[in-house]
Amino acid sequence: MKKLTGAQIVIESLMAEGVDIVFGYPGGAILPTYDALLDSKIRHILVRHEQGAVHMAEGYARVTGKAGVVLVTSGPGALNTVTGIADAYMDSTPLVVITGRVSTSLIGNDAFQEADIVGVTRPCTKHNYLVKDVKDLGRIIKEAFYIATTGRPGPVLVDLPKDVQQAQCLFKYPDKVELRGYKPVIKGNLRQIERAVDAIERSSKPLLYVGGGVQWSNAAPELFELATGLGIPVTETLMGLGSFPASHPLRLGMLGMHGSYGTNTAVCHTDCLIAIGARFDDRVTGRISDFAPNAECIIHIDIDPSSISKNVKVDIPIVGDIKNVLSDMLRIVKSRESLAKRKPVWAKWHEQILQWHREKPLYERRDGVSHITPVQVIEELHAVTKGDCIIATDVGQHQMWVAQLFPFERPRSLLTSGGLGTMGYGLPAGIGAKLAAPDRTVVVVSGDGSIQMNIQELATAVEYGVDVKVIIMNNYFLGMVRQWQEKFYNERYSYSAMAVPDFVKLAAAFGAHGFRIERPGELSATMREAFKTPGPVLIDIVIPKEEEVMPMIPPGGAMSEMLFA
Amino acid sequence: MPRHTISVLVENQFGVLARVVGLFAGRGFNIQSLTVNEEPLDPTVSKIVLVTSGPDEILEQINKQLNKLIPVIKVVDYQAVDTVEREMMLVKVSVDDRNRAELDSIISAFRGHVVDIGPRAVTVEVTGDTNKIQAFIALVRPFGIKEVVRTGSVAMARSVQLNNGAKRQAREDS
């Protein structure tokens, strides 16, 4: 065994975990670890604001499935990570956030740049640690990665006092963790899975409702086999988009507040709802008492027992890892020949849903309009990328247009802030994604409001030559706020109009390229040119403020209250 | 709202209590009583017993979230279980020569102990479930209570379960 400082132990432990990239920002209390970092092979991305570091780590984690790592200093540095950590917690994203802390002798003394980040992040981390003794450090980092990436993934914070980073001890990285209070259930109960298959067989209108858990569990192939093998239609939550290929006829797209008429009508009529890695969020269910009113049986597969029967009472809960549970389910399904007799019934049900879709498609074609429409932007984006790209979005109307209209063919292609709804997520998440997958095309779709939160990370993208293409759907308004004010606040637009900078000049000032598109005729050619331009590019596309995300179920409303354009 | 006595076995480490009570505080739930102690047989773990009131389905959710906390090893909600519950109270009661005999008879009826005697007050130790403790307070209140301190409830499941869940629930609902 070698004698190492705490700072060296951090770096050795990160290397042992296979960490190749760290997002961070140095400062007083973390300097010993930054000093040790300089001697390692780990790549460091210097961000411009700590929140950016966390979203980059989230983008990295969503694309790779590995934990994203963040390294920041104490006090303001640590506190600036909180929004990102809460975002990762809501969207089950594995992170290990290492924060410097004032020396142990100063803790609680209102020392310079002191904050109780462990106390602050207790409700928004999966777990967090204050390291008081360098002898515990290796074990704690091992546990942090284990907790972050197993079970339902989530962020783990390790608060590291400066004197602990400087103290020395003999170091050997532990081989395994022993946590008697943490044993995620991986294998689903076989009798429950059997019951679920019974319920599906009995049903005439089964519907798969899939969320982000399918992607975290890498269970898209199993989902595909189950859905296509039986012919059961699939609707995805915002976080589930990409788990099932958009080009497949069984794919119904997003449900909920901005789901299509056909999809939400299917939810209203299903007699057997099969929820997989989804959590019955209020944006999905609307008014709980009116959600899936005809479902005689709700099956819920999830790794997190606390997600089950939280919002909606579930008839057949199955706690376990989705990939594992679906594999068992497929085995049962294949051995049961009687299921084949049900397929014609389910095909009729699928045809009925497609009929509803035809009755009220998402957006009607509007030819000959003089302005650029959101539909045109998404279609053009699809054309220019040939549909093969990772899209990171911010939060608002543009996010919903992407979710409704872009046909995601494979998992881990849409990075978006679903649970927390964090404006400013998109650009840094896109940077993190591009660093994780340099061979993929990465596009950030944002709005004029969202992009101005964390626009400083454009400097990071330029410094490291990160090739992200940023589309700004610019309507000089906080568009979604405006839409709610129009619909629910008597068109009283209280502080939602916004002056915006000249994004072309702004891009140039950062050392990036900027384009502006104002007329439909310019859209195709300029987009093509922008995407051909190497390095980070801002594309400012002007759309009218009257464009709305439709249809819409008012918050807390029922399906029957759906508003249409 | 039903009263829940919840026992939580946790790692005996700093910060764990804050995580546990934080789940209640975050939802605006008051904790009516709380006891925490190192386990005598295994000092690496600690047992928290707390009493709270709330709708059953929300407490079920809190229990699941308690189980999700990494340092929490086991959670038991005694709501549907026959238990022995005890708390202990020290109460300093005013007394004079005229009513000393009357107080003594109340104390012995409650199997309390006098643990301190002064010229104008005695301090009594009483142990029992919450109802017994409250009954004792009601009886000695006319004497004049100078000071009172109570522990939280501790609870244990009975070896033989007679009135299990359903009956108990019916009683509480009525």
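Just so it is clear, none of the values below were taken in a lab; they were calculated from the coordinates. Keep in mind it's a predicted model, so treat the numbers as computed, not measured. Cβ placement follows ideal geometry from the backbone for every residue including glycine, while neighbour counts extend to all protein chains displayed.
For a Förster distance of 30 Å, can you work out the FRET efficiency between the beta-carbons of A:Ser338 and A:Lys183, rounded to the nearest 0.05?
0.25
Please give the peptides B:49-61, A:522-534, A:139-151 ranked by average Cβ packing (other Cβ atoms within 10 Å per residue), highest first, as a rough proxy for protection.
Numbers: B:49-61: 17.0, A:522-534: 15.3, A:139-151: 21.3.
The most tightly packed comes first, giving A:139-151, B:49-61, A:522-534.
In what sequence do A:Tyr25, A:Tyr209 fall when counting other Cβ within 10 Å, fewest first?
Listed from fewest to most nearby Cβ atoms, that is A:Tyr25, A:Tyr209.
In debye, nearest 20, what is the charge dipole magnitude of the range A:292-407 about its Cα centre with +1 on Lys and Arg Cβ and -1 on Asp and Glu Cβ, if you could check?
Charge dipole, the range A:292-407, about its Cα centre: 560 debye, nearest 20.
With the cut-off at 1.5 for a/c, could you classify the range B:84-154 from its C-alpha gyration tensor as rounded, prolate or oblate?
prolate
Which FRET efficiency value, to the nearest 0.05, is calculated for A:Arg365 and A:Asp467 with the Förster distance at 25 angstrom and r the Cβ-Cβ distance?
Using R0 = 25 Å, I get an efficiency of 0.15.
Tell me what chain A gives for mean residue ellipticity at 222 nm when only DSSP H runs of n ≥ 4 count, each as -39,500 (n - 2.57), the sum divided by the residue total, rounded to 500 deg cm²/dmol.
Calculated mean residue ellipticity at 222 nm is -11000 deg cm²/dmol.
If R₀ is 30 angstrom, what is the calculated FRET efficiency for the pair B:Glu147 and A:Phe112, using the beta carbon separation as r and rounding to 0.05?
With R0 = 30 Å, the Cβ-Cβ based efficiency is 0.10.
With the cut-off at 32 Å, tell me which of the pairs A:Lys3/A:Lys323; A:Lys142/B:Lys74; A:Lys469/B:Lys68; A:Lys348/B:Lys68; A:Lys66/A:Lys360 have Cα atoms farther apart than that.
Correct reply: A:Lys3/A:Lys323; A:Lys469/B:Lys68; A:Lys348/B:Lys68; A:Lys66/A:Lys360.
Give a residue-ordered list of calculated ³J(HN,Hα) values for the range A:298-315 (Karplus: 6.51 cos²θ - 1.76 cosθ + 1.60, θ = phi - 60°; whole Hz; x for Gly, Pro).
With coefficients 6.51, -1.76 and 1.60, one gets 10, 9, 9, 9, 7, 7, 9, x, 6, 7, 8, 6, 6, 9, 10, 5, 9, 7 Hz.
Can you give the helix-only mean residue ellipticity at 222 nm for chain B, where every DSSP H stretch with n ≥ 4 adds -39500 (n - 2.57) and the sum goes over all residues, rounded to the nearest 500 deg cm²/dmol?
-9000 deg cm²/dmol
Of A:Ile372, A:Met473, A:Leu362, whose Cα points farthest to the positive end of the dipole of chain A (charges on the beta-carbon: +1 Lys, Arg; -1 Asp, Glu; origin at the Cα centre)?
The Cα lying farthest towards the positive end belongs to A:Leu362.
Using θ = phi - 60° and the Karplus relation 6.51 cos²θ - 1.76 cosθ + 1.60, list the HN-Hα couplings for the range B:8-13 in order, rounded to whole Hz, with x at every Gly or Pro.
Couplings: 10, 8, 10, 5, 7, 9 Hz.
For the protein assembly as shown, with only Lys/Arg (+1) and Asp/Glu (-1) charged at the beta-carbon, what is the dipole magnitude about the Cα centre, in debye rounded to 20?
Working: 79 positive and 82 negative charges, 250 e Å.
Magnitude of the dipole: close to 1200 debye.
State the extension gain, in nm to one decimal, for the chain segment bounded by A:Asp282 and A:Asp35, taking 0.36 nm per residue of separation less the distance between their alpha-carbons.
Net length gain for the segment: 84.3 nm.
Roughly what would the spin-label model give for A:Lys348 and A:Tyr495, points 7 Å off Cα along C-beta, in nm?
Label at A:Lys348, label at A:Tyr495, 5.7 nm between them.
State the Cα centre-to-centre distance between the range A:115-185 and the range B:1-49 in whole Å.
Answer, in whole Å: 22.
Taking amide H atoms as placed 1.01 Å from N in the peptide plane, list the residues 5 or more away in sequence, or in a different chain, whose amide H sits under 5 Å from that of A:Met550.
Sorted by chain and number, the residues that satisfy this come to none at all.
Specify whether the C-alpha gyration tensor of the range A:2-171 places it in the rounded, prolate or oblate class, a ≥ b ≥ c being the square roots of the eigenvalues: rounded for a/c under 1.5, otherwise prolate if a/b is larger than b/c and oblate if not.
Numbers: a/c = 1.43, a/b = 1.18, b/c = 1.22.
The shape class here is rounded.
Partner chain Cβ atoms within 10 Å, averaged over the residues of A:302-311 - can you pull that number for me? Mind dumping the intermediate values first?
Numbers: counts 0, 0, 3, 5, 9, 3, 2, 4, 6, 1.
If you average over the peptide's residues, the count of other-chain Cβ atoms is 3.
Using a simple charge model, +1 on the beta-carbon of Lys and Arg, -1 on the beta-carbon of Asp and Glu, nothing else, what dipole does the range A:2-171 show about its Cα centre, in debye to the nearest 20?
The dipole of the range A:2-171 has a size of about 380 debye.
How long is the gain from A:Ser204 to A:Ala16 if the chain were fully straight, where each residue apart is worth 0.36 nm and the alpha carbon distance is subtracted?
Working: separation 188, 0.36 × 188 = 67.68 nm, distance 5.16 nm.
Fully extending the segment from A:Ser204 to A:Ala16 adds 62.5 nm.
What order do you get for A:Glu17, A:Glu518 when you list them from fewest to most C-beta neighbours inside 10 Å?
Values: A:Glu17 19, A:Glu518 15.
Listed from fewest to most nearby Cβ atoms, that is A:Glu518, A:Glu17.
Does anything in the range B:1-19 have its amide N under 18 Å from the 7 Å Cα→Cβ label point of A:Lys176, and if so which residues?
none
Need one word for chain A: rounded, prolate or oblate. Basis is the Cα gyration tensor (sqrt eigenvalues a ≥ b ≥ c); a/c below 1.5 gives rounded, then a/b vs b/c decides.
Note, shape of chain A comes out oblate.
Spelling out what I want: for every residue of the range A:130-137, take phi, set θ = phi - 60°, compute 6.51 cos²θ - 1.76 cosθ + 1.60 (Karplus), and round to whole Hz; glycine and proline get x.
10, 8, 9, 9, 4, 5, 8, 4
Tell me, what is the percent relative contact order of chain B, built from C-alpha pairs under 8 Å that lie six or more residues apart? Write out the running numbers ahead of the final one.
Values: 304 pairs, mean separation 47.7, N = 174.
Result for chain B is 27 percent.
Which order do the peptides A:251-259, B:94-102, A:53-61 come out in when sorted by mean C-beta neighbours inside 10 angstrom, highest first?
Ranked from most to least packed, the peptides come out as A:53-61, A:251-259, B:94-102.
Sorted by mean Cβ packing within 10 Å, highest first, what order do the peptides A:510-516, A:261-267 take?
Packing order, densest peptide first, comes out as A:261-267, A:510-516.
Stretch B:Asn99-B:Lys74 to full length: gain in nm at 0.36 nm per residue minus the Cα-Cα span? Intermediate values should be presented prior to the final figure.
Details: separation 25, 0.36 × 25 = 9.00 nm, distance 4.90 nm.
This chain segment gains 4.1 nm when fully extended.
Calculate how many DSSP beta bridges within the protein assembly as shown are antiparallel, expressed in % of all such bridges and rounded to the nearest 5.
Within the protein assembly as shown, antiparallel bridges account for around 40 percent of the total.
Under a crude label model (7 Å from the Cα following the beta-carbon direction), how far is A:Lys3 from B:Ile31 in nanometres?
Modelled inter-label distance: 4.3 nm.
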